[in-house]
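**Q** Sharing a structure with you now.
Values quoted throughout were computed directly from the atomic coordinates according to the rules given, and no laboratory measurement underlies them. All values reported here derive from a predicted model rather than from experimental measurement. Note that we place each Cβ from the backbone using ideal geometry, even for glycine, and neighbour counts take in every protein chain shown.
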Amino acid sequence: MANVFDVAKYILEKQGTISTWKLQKLCYYSQAWALAWSDGVPLFDDDFQAWSNGPVCETLYNAHKGKYLIEPVEFLHGDTSNLTEDEIDTINTVLESYGDKTPFWLREQSHEEAPWRDARGVLPEYARSRNTITKDSMGIYYGGL
């Protein structure tokens, strides 16, 4: 099975230099749509948490912590050869739909959707949270769209 770094590396190779905010959201939507389209089979095991600025995978965050922009050549994690053709198709579809969106647009979009909102519960918008956005909630929500 691929990991979040494999997906992030592929996204960076396709998108070029992007903000870490955008990378997080594109990985999130890749995972969400994979869960929706593959009967709940995830792209990777790592979870996303409902941070104030949207979904964040802490494992990925720890790899780019302190950076605003990240270039493909400086991201030394991941191996895109671990991705299957179906996984690549899913990521490519996500990039076609979301790749041209701004990080702020992606943040706002995720804030409108049930998986992030439900994981946050009644927390104020800018309160810290490490609440997990479950894969089940992602698969159900995005599978129903």
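**Q** Let me know the shape class of region 63-145, please: from the alpha-carbon gyration tensor, a ≥ b ≥ c as square roots of the eigenvalues, rounded when a/c is under 1.5, otherwise prolate if a/b is greater than b/c, or oblate. Mind dumping the intermediate values first?
**A** Details: a/c = 1.80, a/b = 1.29, b/c = 1.40.
Judged from the Cα gyration tensor, region 63-145 comes out oblate (a/c at least 1.5, b/c at or above a/b).
**Q** Now, a different point. When only DSSP loop residues count, what chymotrypsin sites (Phe, Trp or Tyr not before Pro) in region 59-145 have their Cβ near at most 13 other Cβ atoms within 10 Å? Don't skip to the end; give the middle numbers.
**A** On the way: sites: TYR61, TYR68, PHE75, TYR98, PHE104, TRP105, TRP116, TYR126, TYR141, TYR142; in loops: TYR68, PHE75, TYR126.
Filter output for region 59-145: TYR68, TYR126.
**Q** Another question, if that's okay. Could you tell me which GluC sites (Glu not before Pro) in region 94-145 are loop residues by DSSP with no more than 15 other beta carbons within 10 angstrom of their beta carbon?
**A** GLU125
**Q** Based on the Cβ-Cβ distance of ASN131 and GLU85, what FRET efficiency does E = 1/(1 + (r/R0)^6) give at R0 = 41 Å, to the nearest 0.05? Please report the intermediate quantities before stating the final value.
**A** On the way: r = 34 Å, r/R0 = 0.83.
E between ASN131 and GLU85, to the nearest 0.05, is 0.75.
**Q** Can you tell me, using C-alpha contacts under 8 Å and at least 6 residues apart, the relative contact order of the chain as a whole percent?
**A** Dividing the mean separation by the residue count of the chain yields 38 percent.
**Q** I've got another one for you. Please work out the Cα center distance from region 1-39 to region 115-140, rounded to the nearest Å.
**A** First find each Cα centre; the distance between them is then 19 Å.
**Q** Between SER97 and ARG117, what FRET efficiency comes out of the Förster formula 1/(1 + (r/R0)^6) with R0 = 25 Å and r the beta carbon distance, rounded to 0.05? Write down the numbers at each step before the final one.
**A** Numbers: r = 21 Å, r/R0 = 0.82.
That gives a FRET efficiency of 0.75.
**Q** Further question: Loop by DSSP (not H, G, I, E, B), at most 16 other beta-carbon atoms within 10 Å: where is the longest site-free stretch of the chain for trypsin sites (Lys or Arg not before Pro)?
**A** Numbers: sites that count: LYS65, LYS67, LYS101, ARG128, ARG130.
In short, 1-64.
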